[in-house]
Amino acid sequence: MPLEVCVKAAFGAPHVLGDCKLTYLCLYITPFSQHVLLTLEEKNVPYKLHLINLAAKPQWFLDISHPEGKVPVAKIDEKWVSNAEIIASILEEKYPEPSLKSTPPQFASVGSKIFDTFSTFLKSKDSNDGSEMALLDELVTLENHLKTSNGPFIAGERLTTVDLNLAPKLYHLEVALGYFKRWYIPKTFPHVLNYMKVLFSLDSFKKTKAEKEKNKGRGKVCDRRLGSQG
């Protein structure tokens with residue numbers, strides 16, 4: 001029986017996988033659901049997808065995701081589990097092959113601050129508040145790690161859950177900062193740029209990524225989705 005998983009539906013399109021939606025009001029960022037879907041795809045675990053309209057959550061979803069009502073939520077061994085990292089950890093234990101464990105364990109924290117610093121920079125209206133430099137500092141740390149990893153991934157030649165966690169976050173960083181700030185990762189980070197290219201070319205990533213929504217309007221950033229599970 002396929003594992004069941006609830007993820008965000010696209011804004012305005014309830015039958016489409018959650019998007020990286022750029023509108024005149026909000027930027028909808030949903031890297032957490034993709035982390036779970038990437039894990040399922042890489043482990044070749046059959047799953048049934050429930051697309052949840054977060055603007056009008058059905059009662060059955062509120063019942064299983066109580067009290068937060070956030071995605072992703074997965075049904076594993078007849079129990080609904082929330083939080084992407086917890087779900088990924090349980091899937092690793094339940095389906096150990098192919099292994100996505102981060103080895104050595106200290107690699108698990110590589111890139112862990114990138115999403116928060118990206119979110120802060122994205123919302124910043126003050127070019128002198130240090131938020132851009134904070135993001136660049138985190139990218140320097142990632143660049144230096146990748147230089148010595150002996151492979152395209154965090155742990156070298158082997159894809160791990162750390163990569164699957166970072167991939168959608170780097171994708172949304174690229175889309176959001178390019179659109180709202182016309183800001184792109186400098187070419188002085190060749191290992192980071194190659195890392196992103198490799199991640200974004202994975203079949204699992206192409207199958208589960210949120211499509212870029214083209215919108216000619218310019219507008220403000222709504223931060224209600226930033227840094228939260230979705």
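The values are calculated or read from the model by the stated rules, or taken from the named source; none is laboratory data. Since this is a predicted model, take the numbers as computed values, not measurements. When we count neighbours, we look across all protein chains shown, and the Cβ atoms used for this are built from the backbone with ideal geometry, even at glycine. Please note that ligands, DNA and RNA were not included when accessible areas were found on the heavy atoms of the full protein model with its side chains. Shrake-Rupley method; radii C 1.70, N 1.55, O 1.52, S 1.80 Å.
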Here's a check for you: in region 130-152, which residue that is open to solvent by less than 20 Å² (accessible area, probe 1.4 Å) and modelled with pLDDT of 95 or more is farthest from Leu202 (Cα to Cα)? Ser131
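Can you find even one residue in region 16-23 that is at pLDDT below 95, over 23 Å from Leu122 (Cβ atoms) and either outside the structural domain of Phe200 (by the TED database) or not basic (Lys, Arg) (or both)? Lay out the reasoning, then the answer.
To start, the set of residues in region 16-23 that are at pLDDT below 95 comprises 16-23.
Pick out the ones that are also over 23 Å from Leu122 (Cβ atoms) and you get 16.
Those still in the list that are either outside the structural domain of Phe200 (by the TED database) or not basic (Lys, Arg) (or both) too: 16.
Yes, because at least one residue in region 16-23 is at pLDDT below 95, over 23 Å from Leu122 (Cβ atoms) and either outside the structural domain of Phe200 (by the TED database) or not basic (Lys, Arg) (or both).
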Among (1) at pLDDT below 95; (2) open to solvent by 20 Å² or more (accessible area, probe 1.4 Å); (3) within 27 Å of Pro152 (Cα to Cα), there is one condition Thr208 misses while meeting the rest; what is its number? (2)
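Among the residues that make up region 150-161, is at least one of them out of contact with any helix residue (DSSP H, G or I) (no Cβ under 6 Å at 6 or more places or on another chain) and under 16 Å from Ala210 (Cβ atoms)? It would help to see each step written out before you state the result.
Looking only at region 150-161, we keep the residues that are out of contact with any helix residue (DSSP H, G or I) (no Cβ under 6 Å at 6 or more places or on another chain), and these are 150-151, 156-160.
With the extra rule that they be under 16 Å from Ala210 (Cβ atoms), the set shrinks to none.
No - not one qualifying residue is present in region 150-161.
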Show me the helices (runs of 4 or more DSSP H) found entirely inside region 83-169 where at least 2 residues are on the phi > 0 side of the Ramachandran plot, acidic (Asp, Glu) and free of Cβ contacts under 8 Å to residues at least 60 places away in the same chain. none
Hits in region 55-82 - residues which are open to solvent by 40 Å² or more (accessible area, probe 1.4 Å) and either charged (D, E, K, R) or part of a helix (DSSP H, G or I) (or both): Lys57, Gln59, Trp60, Leu62, Asp63, Ile64, Glu68, Lys70, Lys75, Asp77, Glu78, Lys79
